[in-house]
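The values are calculated or read from the model by the stated rules, or taken from the named source; none is laboratory data. These figures come from a predicted structure and were not determined experimentally. Glycine gets a Cβ as well: all are built from the backbone with ideal geometry, and neighbour counts include every protein chain shown.
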Ligand SMILES: Nc1nc2c(ncn2[C@@H]2O[C@H](COP(=O)(O)OP(=O)(O)OP(=O)(O)O)[C@@H](O)[C@H]2O)c(=O)[nH]1
Ligand SMILES: [Mg+2]
């Protein structure tokens, strides 16, 4: 009887945990975004100043609580030589955040080809993909607006049959658009949970 009660209690108190991969070219702002998430959603966390964020070789991981679920973020290095390792994470994740540097027109092609590789991998099939047009706070001439970025990136997602995707503006530095991005991800991983079930944590 005790064991039954214990197992029911365990089931009620367990929380669903979903993994979210943060991908994008080097310099897109992935680690800056993770820092912003930690400072917004973790108690007593002081954000690293931008000057102390260095290019990622490997990964940074952090878990935040959003309502009743946990979102575990994996920020992976985006340098060319590191991108071959991304696919090792695909089967374990529940959603992808793909960051685009809105001010780097010169690398738009490299960026879109990189996204194509991610979406066309069988292991990402059916995953929600949120494309974030980052660095919207910068007021420089070369900045692409969200409509321009949508024009390129929505087409990629549609042509490659990404099941659920959208493009949103964001600034990882000021935090503008971050709550909306998290809401989108939270809703989508829950909607997709029969395809990619969460891990249950005590
Ligand atoms: N103005 C502005 N600068 C940003 C923003 N996000 C990131 N940056 C800057 O962009 C540069 C690269 O940021 P990172 O967070 O290190 O980029 P990353 O995608 O993690 O790069 P890798 O680790 O090499 O893959 C840093 O100088 C950041 O301060 C943003 O929203 N606005
Ligand atoms: Mg980084």
- [ ] State whether one or more residues within the stretch 151-172 are within 16 Å of ligand 1 (Cβ to nearest atom) and part of a helix (DSSP H, G or I).
- [x] no
Open item on the list: Condition check: within 16 Å of ligand 1 (Cβ to nearest atom) and without any contact (Cβ under 8 Å) to a residue 60 or more places away in the chain. Does residue 24 satisfy that?
Closed with: no
TODO: Quick one: which helices (runs of 4 or more DSSP H) lie wholly within the stretch 1-116 and hold at least 2 residues that are within 16 Å of ligand 2 (Cβ to nearest atom), under 23 Å from residue 143 (Cα atoms) and at pLDDT 95 or above?
DONE: 30-41
Task: Those residues of the stretch 151-167 which are surrounded by fewer than 17 Cβ atoms within 10 Å (Cβ to Cβ) and either within 20 Å of residue 186 (Cβ to Cβ) or touching a strand residue (DSSP E or B) at 6+ places or on another chain (Cβ under 9 Å) (or both), in sequence order - done: 154, 158, 163, 164
